[in-house]
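This report concerns only the one structure given below.
Rule-based calculations on the coordinates, nothing more; no lab input. Source: prediction; values computed, not measured. So basically every Cβ, Gly included, is an ideal-geometry build from the backbone, and we count neighbours across all protein chains shown.
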Amino acid sequence: MLFPTSGFLLFFLLVAALMAALETRFTAKKAVLVVASYYFYAQWDWRFCFLLAFSTGLSFVGGLLIANTSQRDRQRWILGISVAVHLALLGTFKYLDFFVLSANQLANLLGLQHELPFIEVLLPVGISFFTFHGISYLTDVFRGDVGVTRNPLDMALYMSFFPQLVAGPIVRAAYFLPQLQREQREPIPLAPALLLILGGLFKKTIIANYLATGLVDPVFSAPTEYSAPDLLLAAYGYAVQIYCDFSAYSDMAIALAALVGFRFPANFNQPYRSQRLREFWQRWHISLSSWLRDYLYKPLGGNRNGRLATYRNLMITMLLGGIWHGAGWKFVAWGAMHGGGLAIERMLEPLIGRRARSPAAKLIATLVVFHFVCLAWIFFRAEDFEVARLFIAGLGHGWAEGVQQAKPFTVALIAIGLAGQFTPPGLFARVAEGLMRVPVWGLGATAGIIVAAIQALGPEGIAPFIYFRF
Amino acid sequence: MVALESELPSYLEPRPATTADAIPIRLRRVGATPRQVLALSLIGALTLAVFASHDLASWLDRMGGSPALAPLQHAAARWDHAMASLGLGRPAEALRYFIQRLQDQDWPSAEK
């Protein structure tokens, strides 16, 4: 069940009706949200609900065992075992065939005849996200950043809450669980939520979908058949497509959570305006990058043990961040590029400073970071290394051939997507404040008309969100 | 106060999360109730059913040929027909035509 579909609208109408009917009964509301979330998840494959329930039970019991033990060493063991089980589940469903393939390739290289069989297990949607939720909870309980939850309903809702279940944002236990303990009783921010939903629909339905079908997919499927300008525009196009696709999902998740009374953290903040790669990671998929920082980079030692150790920790963190995205060497390469880029940027900091100062320097820094990110996206998007190599090689010649695939329409979509990165930071708040003055019926009618317009403007059908497969 | 504190769960006590809310606090001061959320959703859905009646009918058609769905599919088709006869499908058609023309536009050099 995708957000921008009639099926989801019907589902949400039912949830909204139940939330309105149960206005003051917070426990009943949470129970309804858990049932709704499991129903939402079952729409992909009901069997995976058992996996989600197991992951929830593991986190719940692990948290209780940590809290009921006073010995630090024992707590560490419980944490280690619980996290290992979480990672084993993730590894089995997501990476087993990748490891088998890699082992078979290595065996071939070594001249061995025997090949391991593939398991061909179906990847459960959102497994990477709820696994990270579980690990976040256990680690926070161990560290004392969050108290243990003794209410299984709270744990179930934290792990399964439908807005973030399948593609994030990754919401920390320390951020979300306190919201479940006592109802926030704050007004529901209707206008900002509506703005996020409409903006998200526009980004996904118009920009991301048309860029995918009109430019990115054809060019990435056969890069040798296209000229260098097409390849360059397809690389820019993918940068805009993945941003519009993923940030649209995050925006809608944030809005849906707000409409049922919960707060979510920001997940994107105009990433392509970054002047440093480090800044890019403070603006792109913020919930993942801060998760990796707090649960991986810092425990590895962060920047506390000298420059070489810092570079190593950056590399390990980004490599694992790459693998988190998918089972494939291209994701490893993507992570390695970002890890290497972050390390090199730190090395050069004494020469270039932490921030560009003059307008020209800022412009150059932004262009350099954007093009580096686009280069890394080529590995991320390409089917495999060979396609990525052909794509990059194609950028070196054929500039006189002009564009074949990119039309003015797709170039305009790229321009609109990039222009959105440079709007004033307070614009969203100003528009939302303006909408706050509109009565509810006016907001509803306007939203209905805008959604109908977006539906009419968009292509037939809705492609799944890119991050569903992670 | 002491009584209240003793009722507080343990997980309200530790350090608060430092992550920034996606919707800033100043936009949360004024807002709606769950009933207003429901009202907005219903009005939005109704408006959508009026101006995108064709999508509603085709969505129901895509759900398959179950006998339980047949009356709904029939009703949606009639609703779509009624909206079309009132001319309410025209804005969507105009937008589809507009976007199709935009997509068909080529570079001036290619058109020569």
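A few notes on this one:
- Taken over the range A:350-406, the criterion of being assigned to a loop (DSSP other than H, G, I, E, B), surrounded by fewer than 20 Cβ atoms within 10 Å (Cβ to Cβ) and among the small types (Gly, Ala, Ser) is satisfied by A:353, A:356, A:358, A:396, A:398, A:402.
- Test: residue in the range A:235-245 that is within 14 Å of chain B (Cβ to nearest Cβ) and surrounded by 23 or more Cβ atoms within 10 Å (Cβ to Cβ): no
- Looking only at residues of the range A:58-78 that are among the small types (Gly, Ala, Ser) and in contact (Cβ under 8 Å) with a residue 12 or more places away in the chain, we find that the one that is nearest to residue A:131 (Cα to Cα) is A:59.
- The number of residues in the range A:1-59 that are of a type in the set (Ser, Thr, Tyr) and either in contact with a Gly (Cβ under 7 Å, 6 or more places away or on another chain) or at the interface with chain B (Cβ under 9 Å from one of its Cβ atoms) (or both) comes to 4.
- Residue in the range A:303-319 that is at positive phi, without any contact (Cβ under 8 Å) to a residue 24 or more places away in the chain and not aromatic (Phe, Trp, Tyr) present: yes
- Within the range A:186-205, residues that are crowded, with 24+ Cβ neighbours inside 10 Å sit with their Cβ atoms under 7 Å from residues that are polar (S, T, N, Q) and assigned to a helix (DSSP H, G or I), at 6+ positions apart or across chains, in these pairs: A:190/B:36; A:203/A:247.
- Candidate set: the range A:302-344, residues that are under 24 Å from residue A:368 (Cα atoms) and of a type in the set (Phe, Trp, Tyr); chosen: the one surrounded by the most Cβ atoms within 10 Å (Cβ to Cβ): A:334
- Taken across the range A:255-273, residues that are touching a Lys or Arg at 6+ places or on another chain (Cβ under 8 Å), part of a helix (DSSP H, G or I) and hydroxyl-bearing (Ser, Thr, Tyr) do not occur at all.
- The helices (runs of 4 or more DSSP H) found wholly in the range A:118-183 and carrying at least 2 residues that are more than 14 Å from chain B (Cβ to nearest Cβ) occupy A:127-143, A:152-160, A:162-165.
- All positions within the range A:184-193 that are more than 7 Å from chain B (Cβ to nearest Cβ), at negative phi and not in a helix (DSSP H, G or I): A:184
- Close pairs (6 angstrom Cβ cut-off, 6 or more residues apart or separate chains): facing chain B (nearest Cβ under 7 Å) and aromatic (Phe, Trp, Tyr) in the range A:440-458, part of a helix (DSSP H, G or I) and surrounded by fewer than 21 Cβ atoms within 10 Å (Cβ to Cβ) anywhere: A:441/B:43
- Residue check, residue A:213 hydroxyl-bearing (Ser, Thr, Tyr) and more than 8 Å from every other protein chain (Cβ to nearest Cβ): yes
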